[in-house]
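Reading through the structure tokens given below for one structure.
The values are calculated or read from the model by the stated rules, or taken from the named source; none is laboratory data. All values reported here derive from a predicted model rather than from experimental measurement. Don't worry about glycine lacking a Cβ; one is built from the backbone with ideal geometry, like all the others, and counts go over all protein chains shown. Surface areas here come from the heavy atoms of the whole protein model, side chains and all, with no ligands, DNA or RNA. Shrake-Rupley method; radii C 1.70, N 1.55, O 1.52, S 1.80 Å.
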Amino acid sequence: MTNHLTNISLKVHCEGEIYHIQTYSNEYRSLMMLIYDKISPEDFGDCLGMGKCGTCLVEIEPEIVLNSFQRNEETTLLKAGAVDRSRLACQILIDEHINGLAVKILRS
Ligand code: FES
């Protein structure tokens, strides 16, 4: 079996700053873990990826279908009053589908 790695670039907006992040497929378990490691926003990812706390809420641009774990995400997004294009970063996998996306960290 071949171990194929895809280079991935992302632009992340966090509290007025823009971060250009480089990674590769499956380097992190989820987009939340990547953002937590590279930027460490305060109070981000409180439930450690269970899809329950809503603190990893992000807006994705452009809106596309992304591979995800789909753990509790729909319910948590409803509770958080999420807008269009909002997702839980902890449910998004690090793969080629997120290459080139802009991600904005949303604060409630
Ligand atoms: S880390 Fe809690 S919902 Fe994503």
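A few points about this structure:
- Per the conditions (1) more than 14 Å from the chain's Cα centre (by Cα); (2) assigned to a loop (DSSP other than H, G, I, E, B); (3) more than 14 Å from the ligand (Cβ to nearest atom), the sole criterion not satisfied by residue 82 is (3).
- Matching option when the condition is farther than 18 Å from residue 21 by Cβ, in contact with a strand residue (DSSP E or B) (Cβ under 8 Å, 6 or more places away or on another chain) and of a type outside the set (Lys, Arg), among 65, 58, 103, 83: 83
Here is a yes/no grid of residues against (1) open to solvent by less than 30 Å² (accessible area, probe 1.4 Å); (2) farther than 21 Å from residue 99 by Cβ:
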| site | (1), (2) |
| --- | --- |
| 40 | no, yes |
| 46 | no, yes |
| 60 | yes, no |
| 64 | no, no |
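- Residues of segment 1-17 that are open to solvent by 90 Å² or more (accessible area, probe 1.4 Å) and in a strand (DSSP E or B): 7, 17.
- Selection of segment 39-54 for residues being of a type in the set (D, E, K, R) and either in contact (Cβ under 8 Å) with a residue 12 or more places away in the chain or more than 6 Å from the ligand (Cβ to nearest atom) (or both) yields 42, 43, 52.
- When residues of segment 18-38 are limited to those that are within 14 Å of the ligand (Cβ to nearest atom) and surrounded by fewer than 16 Cβ atoms within 10 Å (Cβ to Cβ), the one nearest to residue 98 (Cα to Cα): 29
- Boolean, residue 105 is aliphatic (A, V, I, L, M), away from the ligand (no atom under 11 Å from the Cβ) and crowded, with 17+ Cβ neighbours inside 10 Å: yes
- Scanning segment 18-47 for residues that are among the small types (Gly, Ala, Ser) and either assigned to a strand (DSSP E or B) or out of contact with any strand residue (DSSP E or B) (no Cβ under 7 Å at 6 or more places or on another chain) (or both) returns 40, 45.
- The sole residue among 77, 66 that is more than 10 Å from the ligand (Cβ to nearest atom), outside any strand (DSSP E or B) and either touching an Asp or Glu at 6+ places or on another chain (Cβ under 6 Å) or farther than 21 Å from residue 40 by Cβ (or both) is 66.
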